[in-house]
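What follows draws every value from the coordinates through simple rules; no lab data is involved. Keep in mind it's a predicted model, so treat the numbers as computed, not measured. Virtual Cβ from ideal backbone geometry, glycine too; neighbours counted across all protein chains shown.
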Amino acid sequence: MNFQNTIFFLLLFYNVQTAIETPCTLREQKMRKILRGNSKNVLSFQSGGLLTTARINYYQPGFYSSIPTRDTIYIVNFLFGFTYCALTQSLEFRTMQSYEINTVFLSLWDYTYRTYNFQVFISFNGIENLVFDSLAATGSIYIKFAEQQVDTIRYYNRGGSTDNFALILIKVEAFYKR
């Protein structure tokens with residue numbers, strides 16, 4: 001009888017513990033999902049991603065069609081559809097709030113064959129971490145790193161491209177990828 005009582009109380013204790021932890025776990029998962037931007041692009045124009053260095057960067061005519069955070073279909077040619085910065089300058093994007101992300105995507109101008117010399121930094125509360133450093137990057141790049149709180153992403157033009165001085169971006173994204 002004593003053994004049965006012990007088993008009964010252990011099962012009761014387990015069920016009570018499970019009932020208590022389940023709402024907490026669900027709440028934690030919901031908060032984590034929000035912090036991760038619901039696994040969507042946190043730099044998109046609709047999410048409120050801001051190009052904080054807009055005053056020192058260059059846009060081709062048709063401002064909206066040249067913003068690298070736009071969500072519309074891309075029409076890119078030699079006249080519009082991209083943003084660029086000069087040597088030793090940066091394209092810096094700030095989110096409306098901090099997010100936990102682990103992936104950054106960027107699409108570089110590759111209408112002609114060229115390679116780019118640049119770095120990508122992520123930061124939170126002013127503390128910056130280097131996540132990508134390349135002397136010869138081309139095309140579209142996914143940069144994967146350990147999940148971190150991020151409020152700013154900066155693309156630093158260290159050496160331009162093999163064709164000219166500019167770091168030319170067509171599209172940028174940042175998100176949490178499982």
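Test of understanding: ordering ARG32, ARG178 by Cβ neighbours within 10 Å, fewest first, what list do you get? Walk me through the intermediate numbers first.
Working: ARG32 12, ARG178 6.
With the fewest neighbours first, ARG32, ARG178 line up as ARG178, ARG32.
Quick one: if the Förster radius is 25 Å, what FRET efficiency do THR138 and GLN46 give, using the C-beta to C-beta distance and rounding to 0.05?
On the way: r = 29 Å, r/R0 = 1.15.
So, using R0 = 25 Å, E works out to roughly 0.30.
If you place +1 on the Cβ of every Lys and Arg, -1 on the Cβ of every Asp and Glu, and leave all else neutral, what size is the dipole of the stretch 122-165 about its Cα centre, to the nearest 20 Debye? Before the final figure, lay out the partial values.
On the way: 3 positive and 5 negative charges, 13 e Å.
So the magnitude is around 60 debye.
Arranged by the count of other C-beta atoms within 10 angstrom, fewest first, what order do ILE153, ILE67 take? Could the numbers behind the result be given before it?
Values: ILE153 25, ILE67 21.
Neighbour counts put them in this order, fewest first: ILE67, ILE153.
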